[in-house]
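The values are calculated or read from the model by the stated rules, or taken from the named source; none is laboratory data. The structure presented is a predicted model; accordingly, all values stated were derived computationally and were not measured. Glycine also receives a Cβ, built like all others from the backbone with ideal geometry; neighbour counts cover every protein chain displayed. Accessible surface areas use protein heavy atoms only, side chains included; no ligands, DNA or RNA. Shrake-Rupley method; radii C 1.70, N 1.55, O 1.52, S 1.80 Å.
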Amino acid sequence: MIGGIAPACPKCGGINRPGADVCYLCREPLGAVPGANALAGGSSHPAMARPPLRPIPMLLFTEAARHNVRMSALLFVLLFAVFFLLGTAIGGAYGDPRTGLGLSFVLYAILGTTAYFSGSTIVLSIHGAREAGGEEHRQLRNVVEEMAIAAGVPPPKVYVIQTAGMNAFAAGRRPEEACVAVTTGLVDRLNREELQGVIAHELAHVKSRDTLYNVCAAVLVGAVALLSDMFLRGAFWGRRGRTEEGRGGGGRGNAAFFVLALLLAVLAPLAAKLLQMSISRQREYHADAAAAGFTRNPLGLASALAKITTGGAQVPGENRGTQHLFIVNPLRVFGPDASALMSTHPPTGERIQRLRAMGGVAAGS
């Protein structure tokens with residue numbers, strides 16, 4: 001520590017807040033020699049007395065952002081592969097793989113078009129959101145405008161959800177058509193800095209097109225589930241058509257396709273959901289970090305997340321189809337042990353820890 005200014009981390013090169021004792025990326029004490037803790041068999045540094053909830057990747061923010069985009073693209077490719085492989089296998093089970101592939105394209109086009117043009121309206125309606133207006137929501141609208149300027153995006157439409165629960169989400173296929181919805185409980189119980197952190201988090205989703213990613217992922221997962229359900233219920237071409245195809249001489253090939261389609265119909269919805277949850281978790285971390293950059297105050301968002309966890313994140317119309325859109329999952333709380341693959345969000349405690357570290361607050365303090 002020289003002149004009260006924290007130097008670059010000697011281990012990962014991360015630039016930290018002035019006065020910070022521990023690097024917010026790799027948790028190395030600033031000014032220490034990389035690896036010194038391991039060689040000494042421990043550390044007496046007060047900030048290291050309590051280990052972090054989980055190891056934090058040693059990536060700079062720009063590197064983490066690029067890694068996030070690459071991983072999201074890969075996961076979407078895998079989602080498409082699962083969906084169209086399932087369609088092809090179902091078509092093959094009834095004698096025509098190409099027809100099955102074509103019908104899966106048609107199914108996705110119908111669902112995707114509906115979600116693309118009407119997704120935001122549907123989600124707002126499900127949760128009973130109404131447009132914010134009048135003097136009672138002037139501060140909320142001002143905060144949204146401030147954070148939109150900081151994020152470099154057009155100010156979105158602002159909606160409120162009448163409930164005592166504390167939560168927020170963003171929607172819209174592009175920044176010019178985005179909207180942000182927050183609960184009245186959130187507005188009433190957060191101070192201005194905390195509200196800025198929450199709005200900045202949602203605008204980070206808007207700026208990085210996470211809102212469009214979320215819609216596409218939800219459509220793909222829903223299409224996989226629908227296709228699987230149709231097959232398992234025998235409604236794809238009908239049992240009679242399958243029997244006639246089997247008598248037509250292609251029984252052996254159709255039987256192999258039928259077994260493959262049956263396995264995929266059972267496993268594909270689970271695989272698609274796992275991939276969707278992976279996308280959601282990574283993008284929550286990225287939005288937290290971006291929000292800290294917009295506000296220059298990571299502790300505001302950290303405090304807001306702590307209050308939301310304590311006060312409850314329930315919203316009207318909460319359901320599994322939209323749970324991944326919210327800043328905190330309204331259906332369940334993820335604790336430090338929430339490493340389950342089906343988690344829509346990272347553990348809130350770990351998110352708070354990362355934000356506090358960005359603000360120069362030592363772990364456990």
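Computed packing ranks the peptides 136-143, 296-303 as 296-303, 136-143, most packed first, by mean other Cβ atoms within 10 Å. Counting pairwise Cα distances across segment 89-191, what percent come out greater than 25 angstrom? Result: 39 percent of Cα pairs exceed 25 Å. The length gained by stretching the chain between Ala256 and Ile110 to full extension, at 0.36 nm per residue less their Cα-Cα distance, is 49.6 nm. Sorting Tyr94, Tyr108 by accessible area puts them as Tyr108, Tyr94; the probe is 1.4 Å, largest comes first, and only protein heavy atoms count. For segment 90-129, the extents of the C-alpha atoms along the principal axes are 47, 15, 6 Å, listed from largest to smallest. Close amide-amide hydrogen proximity is noted between Ala168 and Ile327, Val328, each under 5 Å apart and 5 or more residues distant or on a separate chain (H modeled in the peptide plane; Pro and chain starts excluded). In segment 57-211, what percent of the accessible surface is made up of carbon and sulfur (1.4 Å probe, ligands and nucleic acids excluded)? Carbon with sulfur: 61 percent of the solvent-accessible area. Taking all protein chains as shown and a probe of 1.4 angstrom, Asp188 keeps an accessible surface of around 120 Å². If I model segment 145-229 as equal point scatterers sitting on the Cα atoms and use the Debye formula, what is log10 I(q)/I(0) at q = 0.13, 0.18, 0.25 Å⁻¹? Reported log10 I(q)/I(0), two decimals: -0.47, -0.77, -1.14. Computed from the Cβ-Cβ distance with R0 of 56 Å, the FRET efficiency linking Glu131 to Asp229 stands at 0.95. By a 1.4 Å probe calculation restricted to protein chains, Ser280 has an accessible surface near 10 Å², given to the nearest 10.
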